[in-house]
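Read the structure below first, then the notes.
The values are calculated or read from the model by the stated rules, or taken from the named source; none is laboratory data. None of these values were measured; they are calculated from a predicted model. Every residue, glycine among them, receives a Cβ derived from its backbone with ideal geometry; neighbour counts consider all protein chains shown.
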């Protein structure tokens, strides 16, 4: 029996960074991480509306915001996945995969050749997800170099 629960595929679309649902989802993500690590948010270089190329929100059939994700430029050909989050009750239903694939599509259209991301060592569910989705563990980058709680991943994009 698969661990994936069935759910209608969400609608995933670009939305404003400062939209109410995006703000709420990112706050929920930060609260969950603070509780999981028992420390306040440690990120010193938080993404903003100015430095994200795209911010996506997933919605269920009733229009409820169920997840989000963003892309931030690291270099001319590399972007970073930021703020990947799915509400806990819908994890394992395909929402995260939909967001990730949509972010990858946006990255390819924007000309990026690679994606990087960081998750945490106390997030085995996220680690399994990214490995399953074709991301390989890498050395830390930027603020994650030598960070004891960070686990970094990367994936090369197929360019047409």
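General remarks:
- Residue pairs meeting the criteria (Cβ under 9 Å; at least 6 apart or on separate chains; first over 16 Å from residue 119 (Cβ atoms), in region 27-39; second in a helix (DSSP H, G or I)): 28/88
- As a summary of the residue check, residue 92 satisfies the conditions (1) surrounded by fewer than 19 Cβ atoms within 10 Å (Cβ to Cβ); (2) within 20 Å of residue 132 (Cα to Cα); (3) touching a strand residue (DSSP E or B) at 6+ places or on another chain (Cβ under 8 Å); (4) touching a residue at least 60 places away in the same chain (Cβ under 8 Å) except for the one numbered (3).
- Residue list for region 126-156, restricted to those being at pLDDT 95 or above and not in a strand (DSSP E or B): 126, 127, 128, 129, 130, 131, 132, 133, 134, 135
- Against the conditions (1) touching a helix residue (DSSP H, G or I) at 6+ places or on another chain (Cβ under 7 Å); (2) free of Cβ contacts under 8 Å to residues at least 60 places away in the same chain; (3) under 24 Å from residue 138 (Cβ atoms), residue 58 satisfies every one except (3).
- Out of 52, 66, sole residue that is in contact with a helix residue (DSSP H, G or I) (Cβ under 6 Å, 6 or more places away or on another chain), modelled with pLDDT of 95 or more and under 18 Å from residue 18 (Cα atoms): 66
- Filter result (surrounded by 15 or more Cβ atoms within 10 Å (Cβ to Cβ), over 15 Å from the mean Cα position of the chain (by Cα) and over 21 Å from residue 33 (Cα atoms)) within region 105-160: 108, 112, 113, 138, 157
- Put simply, of 47, 10 the only residue that is within 20 Å of residue 102 (Cα to Cα), surrounded by 13 or more Cβ atoms within 10 Å (Cβ to Cβ), touching a residue at least 24 places away in the same chain (Cβ under 8 Å) and touching a helix residue (DSSP H, G or I) at 6+ places or on another chain (Cβ under 6 Å) is 10.
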